[in-house]
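To start, the structure under review is shown below, and the notes come after it.
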């Protein structure tokens, strides 16, 4: 199949085939595996696909590990320098799946080279850094997407559709918690990039909190003010390189109250010290005509309650199994009742991005863009500012 340039990506080729899009990925570990799995599924599961991803290059700092990843996943080239990878003209989409401190420079360089850009969340360590990235992709005129894959959970998209349709009426409340346990003392986690302020920017706020910040903005709207507190439960961790104890300068947990521009109020909480919780996120929206509740560990279900439902004696939340062919994304998967998993959200997300490239569609509002990344970062910075100053902070974008 002939390679396609950006100017030719207006849809299927003259023979009806989807165009090839060359992809270069920075990062081969957790997110590298998740994104690669999605890229390989798109051509035969999201059928007919908007494009055929071509795995041109994968980059990482460890030469042996990145070479093994290239062999395992089927990338044509392995790089230890992302700059060298971006110089490959066959790469048209750059996916940045690296640590937070490796987001800004490669994404900006990719945009300036005319490549469309996907970046994993959080977009940046601070709102100021995120703004530079947003400005760069805007100036370059490339498509850009931030990796908030939970927008592409079928149950979350159904919740979004119900809210957008007005069925819940005026929205009163949004509440969200995101809880994990893997960094507690029991697991003897040493100092890693996620606990290093220079590398990560923040702790639970950037790692978990940005997901629920984004879902709050996606489902309810922009946030206007915030009042928060943070805690660091383990002040020192062992540096694997030196064996010495080093200070931990990021948060282990936070809790916040928020106000939305539309008058709704809400709460946000995230912790990596919640024993028994592996990847637990609970989202609830309360409106004048009903409520919606979602649990990430029951990903295929959405709980709903409608005010005034009859018979009165059996009123209450009921559970929708979001697996019918008419539910969001499900027509590409299995017969009703056959559930899908966390990894499928990346298939939906990247298919959306390729569709936007090929057919020149807007990435927003269904997917998060670098503008969303900036706005999420403003809220994240507001949490830290509020906690440090012990006061309510008005958010300014």
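Structure values in brief
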| quantity | calculated |
| --- | --- |
| Residues residue 364 and residue 47, FRET efficiency given R0 of 25 Å [Cβ-Cβ distance, rounded to 0.05] | 0.45 |
| Of 325, 373, 22, the one that fluctuates the most in a GNM where the chain has Cα springs shorter than 10 Å | 325 |
| Rg and Dmax [Cα atoms of the range 249-397; Å; Rg one decimal, Dmax integer] | 18.9, 54 |
| Bins of 10 Å, starting at 0 and running to the largest distance - Cα pair percent for the range 142-216 | 14, 35, 29, 16, 5 |
| Relative contact order [Cα under 8 Å, 6+ residues apart], the range 6-149, whole percent | 20 |
| Mean-position separation - Cα centroids, the range 212-251 and the range 48-66, in angstrom | 30 |
| The range 80-98-the range 262-310 distance, computed between alpha-carbon centres (Å) | 38 |
| Choice from 304, 137, 285 showing the highest fluctuation, given a GNM over the chain with Cα pairs closer than 10 Å | 304 |
| Additional length obtainable on full extension of the chain from residue 170 to residue 267, 0.36 nm per residue less Cα span | 33.2 nm |
| The chain, relative contact order in percent, only Cα pairs under 8 angstrom and at least six apart counted | 19 |
| Pairwise centroid distance, computed over Cα atoms, of the range 128-175 with the range 354-397, Å | 9 |
| Along principal axes, Cα extents of the range 6-149, largest first, whole Å | 46, 36, 28 |
| Answer label, with Cα extents along the principal axes in Å calculated from the coordinates and candidates [x] 62, 57, 39; [y] 71, 47, 46; [z] 57, 53, 40 | [x] |
| GNM result for the chain, Cα springs below 10 Å: residue of 207, 252, 135 fluctuating most strongly | 135 |
| DSSP-defined antiparallel bridges as percent of all bridges, the chain, nearest 5 | 60 |
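No value in this document is a laboratory result; all are computed from the given coordinates. Please read all numbers here as calculations on a predicted model, not as lab measurements. Note: ideal-geometry Cβ built from the backbone for every residue, glycine included; neighbour counts use all protein chains shown.
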